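Have a look at the structure below before the remarks.
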Amino acid sequence: MFLLDTIKLALRALMRNRTRTFLTMLGIIIGISSVIIMMSLGSSLTHYMDNVFSSIGTNVINVRDKWVRDGGTWRVLHSTDEADYLALRDNCQSVKYISPDLSTTTPIVYGNNNHNAMVSGGNEHYLKLNGMSVARGTMFDENDVRALAKVCLIGTTVAEKLFTDGEEPIGQTIRCGNVPLLVIGTLQEREKQFNFDFNNQIITPYTTLQKRLLGRTDIDQISMAAAPTSDNDHVVEEVRQILRIYHGLQPDDEDDFEIEVQSETMDQLSGVLNIVVLILSLIAGISLIVGGVGIMNIMYVTVTERTREIGLRKALGARRRNILTQFLSESVVLSLAGGMVGIVVGLGIYAIASAFIEQMSFVLNGVAILISFGVCTLVGIFFGWYPARKASNLDPIQALRYE
């Protein structure tokens, strides 16, 4: 009952001057809402990154060109080519799937319809390595790769742009640059990620893209996935040894290729993201300190305004701890009230962002709300302690004489 009565008295005292109370709470409101938004944004981005990488596989390992600075220009130490792919395919025992990977953007034509799309080249394992699947039709096989077959699979965006009259895409021939390609399948629709439309692409044998369309001998990268009995570290070491042997590198020579592990890249990005969100949250938390200073200032003013009241209460028998508890409770209630309003504001902004930003699903960080309550309580106690202690130490006789 004593605690309940103390809270009622605190609320009654704060409601005497509502405008001053609201302005004092404003710093806490801004600080708490900012912290909730920043921490929830961090959770949302982390969740979004997890979805992006899980859709393309976190166990994917890529081998690509290594660029070095030579004087004022950049150059490639060794261009990744088909010989590297064949060496790894034939000798790397710890790999389950492996595929060359190259791509380009080019106009695609069907009848009178023209559309720019990304054309990607790989082998029969390309879809598995890139988290894709066939919706209808079939995937090309190893024989198609060897024969430089003029076949392809198309995404839903390409199908919508080219076959505007409702024709069945499978079995139709489209023109990619100057190369006719027979559509043998359509790709399962995927969500946009980082504003990249995975559905606006065509998949064709890498040999077809490399030699018929681009006239190249190199490839962009080699993608592979570890066998169930192997881990990424073992695969990376085996790949490194095989390529060093095939490139004729001496023990003291540095690698002339780069190996990228998708899961490590994800961990690095998540680490950087967490640091950025932490820094932004700390910056937002500065508002809490400003709000706490505001509470301290107002509590000093309140103690001064109610000096005679304090003297009267002490003359009627109130103890120091009663005065201390009363003013400290006002500070805590003021801080918690600001915190609750700040939480409501933060959730409101969160809801608005969720409704208008469709590219990313927002995740509410419940820990941020719990932390907010704790921080508000600590701010109220920390910044309200000294004014409350000053009030409790007032001499009742001098307080009664105060004008």
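The values are calculated or read from the model by the stated rules, or taken from the named source; none is laboratory data. Computed from a predicted model, the values in this text were never measured in an experiment. Here Cβ is always computed from backbone atoms with ideal geometry, including for glycine, and neighbour counts include all displayed protein chains. In case anyone asks, the SASA skips ligands and DNA or RNA and just uses the protein heavy atoms, side chains included. Shrake-Rupley method; radii C 1.70, N 1.55, O 1.52, S 1.80 Å.
Each residue, ASN393 and LEU316, gets one label point 7 Å from its Cα in the Cβ direction; the gap between the two is 2.6 nm. Long hydrophobic helices in the chain: the complete DSSP H runs spanning 15 Å or more by Cα along their own axis with mean Kyte-Doolittle hydropathy of at least 0.0 are 2-14, 18-56, 262-305, 320-356, 366-392. With each label modelled as a point 7 angstrom along the Cα→C-beta vector, the ARG146-LEU86 pair spans 1.3 nm. The alpha carbon radius of gyration of region 218-301, expressed as a multiple of 2.2 N^0.38 Å, is 2.12. Our helix-only sum for the chain, with -39,500 (n - 2.57) per DSSP H run of n ≥ 4 divided by its residues, gives a mean residue ellipticity at 222 nm of -18000 deg cm²/dmol.
For the chain, the solvent-accessible area works out to 52 Å² per residue, with a probe of 1.4 Å and every protein chain left in place.
Taking Cα centre as origin and charging only the Cβ of basic (Lys, Arg, +1) and acidic (Asp, Glu, -1) residues, the dipole magnitude of the chain rounds to 3460 debye. Model label points for ILE289 and THR105, set 7 angstrom from Cα along the Cα-to-Cβ axis, are 4.6 nm apart. Here the peptides 93-102, 22-31, 160-169 are ranked by packing, the mean other Cβ count within 10 Å, and the order with the highest first is 22-31, 93-102, 160-169. For the pair HIS78 and THR138, a Förster radius of 35 Å applied to the C-beta separation gives a FRET efficiency near 0.45, rounded to the nearest 0.05. The charge dipole of region 230-342, taken about its Cα centre with unit charges on the Cβ atoms of Lys, Arg (+1), Asp and Glu (-1) only, comes to about 2560 debye.
For region 164-247, the normalised intensity computed at q = 0.18, 0.26 Å⁻¹ comes to -1.04, -1.25 (log10 of I(q)/I(0), Debye sum over alpha carbons, equal scatterers, no solvent). Using Cα springs under 10 Å in a Gaussian network model of the chain, which residue among LEU336, LEU77, LEU41 shows the largest mean-square fluctuation? Taking springs between Cα atoms under 10 Å, the residue moving most is LEU77. Our summary gives the chain a relative contact order of 29 percent, counting only alpha carbon pairs under 8 angstrom and 6 or more residues apart. Within the chain, DSSP assigns beta bridges of which about 80% are antiparallel (rounded to the nearest 5). Could you point to the residue in LEU328, LEU278, GLY317 farthest towards the positive end of region 187-330's charge dipole, with +1 and -1 charges on the Cβ of Lys/Arg and Asp/Glu respectively? The residue sitting most towards the positive pole is GLY317.
Full extension of the chain between TYR300 and ASP252 gives 10.1 nm of extra length, using 0.36 nm per residue less the Cα-Cα distance.
Shown is the FRET efficiency for LEU370 and PHE22, computed with R0 = 22 Å from the Cβ-Cβ distance and rounded to the nearest 0.05: 0.30. Counting only DSSP beta bridges whose two residues both lie in region 103-227, roughly 70 percent are antiparallel.
Element breakdown for region 307-349 at a 1.4 angstrom probe: carbon and sulfur atoms account for 67% of the accessible area. Sorting the Cα pairs of region 98-197 by distance into bins of 5 Å, from 0 upward, gives 2, 12, 23, 28, 21, 10, 3, 0 percent per bin.
For the pair ASP267 and GLU124, a Förster radius of 22 Å applied to the C-beta separation gives a FRET efficiency near 0.15, rounded to the nearest 0.05. Stretching the chain fully between GLU309 and LYS192 yields a gain of 35.6 nm (0.36 nm per residue, less the alpha carbon separation). Once you've got the GNM for the chain with C-alpha springs shorter than 10 Å, pick whichever of LEU127, LEU312, LEU148 has the biggest mean-square fluctuation. Looking only at LEU127, LEU312, LEU148, the largest GNM fluctuation is found for LEU312. Distance cut-off 26 Å, Cα to Cα: go down the list LYS66/LYS150; LYS66/LYS211; LYS66/LYS96; LYS150/LYS192 and report the pairs above it. Over 26 Å Cα-Cα: LYS66/LYS150; LYS150/LYS192.
Kirkwood radius and radius of gyration were both taken over the C-alpha atoms of region 26-178, and their ratio Rg/Rh is 1.11. Sorted largest first, the principal axis extents computed over the alpha-carbon atoms of the chain equal 104, 62, 45 Å.
The lysines whose alpha-carbon is closer than 30 Å to the alpha-carbon of LYS314, local same-chain residues fewer than 8 away aside, are LYS8, LYS390.
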